[in-house]
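One structure is given here, and the rest of the page talks about it.
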């Protein structure tokens, strides 16, 4: 039996005014509001990405029946940003994530979160990144590295901007029972 999943989009805003984010999945708005903006008009760092961007839930998609534990694939996502100076987005985590419950007792549970995607099914760039085919303000983005990403790329998005991408999601797990993408039906 499939379980509804919650997804956490990690990241923080920068600037001396609140940053507003409007997020849509497949043209359905899932969030609109201000996100955590670091106090004191802190400048956007070049590198490394600050720990706050990993620790802070910018927004979430709660209890999604559409993207339940049987779903595996990608869906189009759009994020519009205004106010402040920029946003840094990092990981996308989910509950009911797949894993070995012997070595990771949080796998397959409602209360623990980990990466929503590890490279299966294969994304458009053959990487383990939950974001692929990324565009910012209509311009294709290629992470500035020599070899393909080996994890989640951190995206610095200036304000105002629109970011679009394929959101890649792996099959979930309830307890120690993996979801079955062959039996997936959307609500």
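Within 10 Å of each residue's Cβ, count the other Cβ atoms and sort 38, 67 from fewest upward.
The fewest-first ordering by Cβ neighbours comes to 38, 67.
With a cut-off of 8 Å between alpha carbons and a minimum separation of six or more residues, what is the relative contact order of the chain in percent?
Relative contact order for the chain comes out at 28 percent.
Checking a compactness column here: for the range 59-114, what do you get for Rg(Cα) / (2.2 N^0.38 Å), N being the number of residues?
Taking the Cα Rg and dividing by 2.2 N^0.38 Å, one obtains 1.42.
Two-decimal Rg/Rh of the chain from alpha-carbon positions, Kirkwood Rh?
0.97
All of the numbers you see were taken from the coordinates with simple rules; none came from a lab. Please read all numbers here as calculations on a predicted model, not as lab measurements. Cβ coordinates were reconstructed from backbone atoms using ideal geometry, including for glycine residues, and neighbour counts include every protein chain displayed.
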